[in-house]
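Presented below is the structure to which this report refers.
Any read-out appearing in this document is the output of simple, stated calculations on the displayed coordinates, not a laboratory observation. This is a predicted model, so every value here is computed, not measured. Positions of Cβ are generated from backbone atoms using ideal geometry, with glycine treated the same way; all protein chains shown enter the neighbour counts.
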Amino acid sequence: MTPSCFLDPKAVAASRRAELKNVLTALATGAALLATGLFAWNHYFLGLALGLVYSNGFEYVYHRFVLHDREGRLSNNHQLHHSSFGQADEPRNVTFGGSPIEVGIVIVLNSVPFALFDWLGAGIGAGVVTGFVVYFTAFEEMHWRMHLGWLPNRLEWMRLHHFAHHRGEEGRYNVFLPLCDRLFAWTLPRRRAVVIPFSTRQPSAQSSERKDKAA
């Protein structure tokens with residue numbers, strides 16, 4: 001987490017509003033999808049569990065292979081998130097889901113296959129959609145808090161896990177629940193970066209120079 005003295009409170013507040021818009025969009029999109037009647041409720045809790053596991057896998061694949069291993073607008077935007085890590089402009093690039101429109105598209109596209117499965121009699125769609133929306137909202141909230149907000153002490157390991165990714169450690173593509181990180185760790189090169197706890201992070205060199213000049 002960037003030291004608060006180097007962050008513009010207005011920028012942090014704007015970032016918070018953007019994150020909340022994404023969360024509300026995810027909730028509204030999920031509710032609208034469930035209201036269509038295309039998703040069955042027969043095996044709701046089984047679908048809910050599958051939806052949470054599926055979401056963790058989608059997060060891993062999307063983060064690793066779309067945002068890091070491909071060229072394009074999405075990966076370029078994500079690199080802004082990395083390059084602003086620990087800098088004064090970090091609040092501008094924290095939301096992981098992009099714009100509310102992009103959030104809605106992601107949820108709809110990930111829900112469509114399960115509507116087809118329900119058409120074939122699976123009976124899990126409503127639970128999967130719920131699980132995906134719950135995971136996404138938790139993901140957005142936790143990611144914002146890792147960078148700009150507060151976490152209880154028992155969850156600080158999540159922040160350290162994610163910040164290791166920002167420090168260059170291979171893997172760590174799951175932001176706060178590293179199931180697939182553990183499962184697919186064997187596919188990554190054996191290279192580790194130095195992990196610096198958030199409480200000992202230092203301001204950027206430019207910020208330090210400005211502070212020295214002011215003194």
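Farthest toward the dipole's positive end in the chain, which of Pro100, Thr130, Phe45, given Cβ charges of +1 (Lys, Arg) and -1 (Asp, Glu) about the Cα centre? Of the listed residues, the answer is Pro100. Stokes-Einstein diffusion for the chain at 37 °C, viscosity 0.692 mPa s, with a Kirkwood radius from C-alpha pairs, works out to 177 µm²/s.
Taking Pro91, Pro178, Pro113 as the candidate residues, the one with maximal mean-square fluctuation in a Gaussian network model of the chain, Cα springs under 10 Å, is Pro113.
Its Cα gyration tensor gives the stretch 1-51 an equivalent ellipsoid, and the semi-axes of that ellipsoid, as √(5λ) in whole Å with the largest first, are 37, 14, 4.
Largest mean-square fluctuation among Thr187, Thr29, Thr95, in a Gaussian network model of the chain whose springs join Cα atoms under 10 Å apart, belongs to Thr187.
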